[in-house]
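FYI, it's all coordinate maths here, none of it is from the lab. The structure presented is a predicted model; accordingly, all values stated were derived computationally and were not measured. All Cβ positions, glycine included, derive from the backbone under ideal geometry; neighbour counts span all protein chains shown.
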Amino acid sequence: MVEPRIYPSRNDREDQQGLAEELFSLFSAGNVAGVMDRMAEDVTWRVAGKPALFPVAGLYDKRRLRALFERMLAQLENGLEMTVVSSIAEGSSVAMEIESVGDLRNGRAYRQQYHFFITFRDGKVTVVREYLDTQHAFDVWSRP
């Protein structure tokens, strides 16, 4: 017998969307500790791209993710402002369109557009899949 699918209530979906929005608000504030506190210990975060072409691409655990965020923020003049353009929630997941603005200390301007697919468990982020313009990111962050 097939078990019926249980859909979260509207409030559960709104709570997850609120948690996801809070995550990016904390990042915009430069609060890496707050961001990491919203993540489960077994979180995985995958940045899209081919690692041979875009060194940041790949799968991160919580420890590596903290180091990546701290390294990124240290290179920014005044942090990275992340704005939620749209979001939708279903089940335990939230899909978000986000735009960011930040200026690096090297004078380069980072203006990125993302899609994030975020999964929650017990109010914590467990999975993030990040899709972005990898060429722009490489040009701003990695190109000599």
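Quick look at the numbers
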{"item": "Subset of the range 16-39 [closer than 19 Å to GLU99 by Cβ and among the aliphatic types (A, V, I, L, M)]", "result": "ALA20, LEU23, LEU26, ALA29, VAL35"}
{"item": "Number of the condition not met by THR126 [criteria: (1) surrounded by 14 or more Cβ atoms within 10 Å (Cβ to Cβ); (2) free of Cβ contacts under 8 Å to residues at least 60 places away in the same chain]", "result": "(2)"}
{"item": "Top-ranked residue in the range 99-122 [being in contact with a helix residue (DSSP H, G or I) (Cβ under 8 Å, 6 or more places away or on another chain) and either within 19 Å of LEU65 (Cα to Cα) or among the polar types (S, T, N, Q) (or both); ranked as surrounded by the fewest Cβ atoms within 10 Å (Cβ to Cβ)]", "result": "GLN112"}
{"item": "Every residue from the range 92-114 that is over 17 Å from THR134 (Cα atoms) and either touching a Lys or Arg at 6+ places or on another chain (Cβ under 9 Å) or in a loop (DSSP other than H, G, I, E, B) (or both)", "result": "SER92, VAL94, ARG105, ASN106, GLY107"}
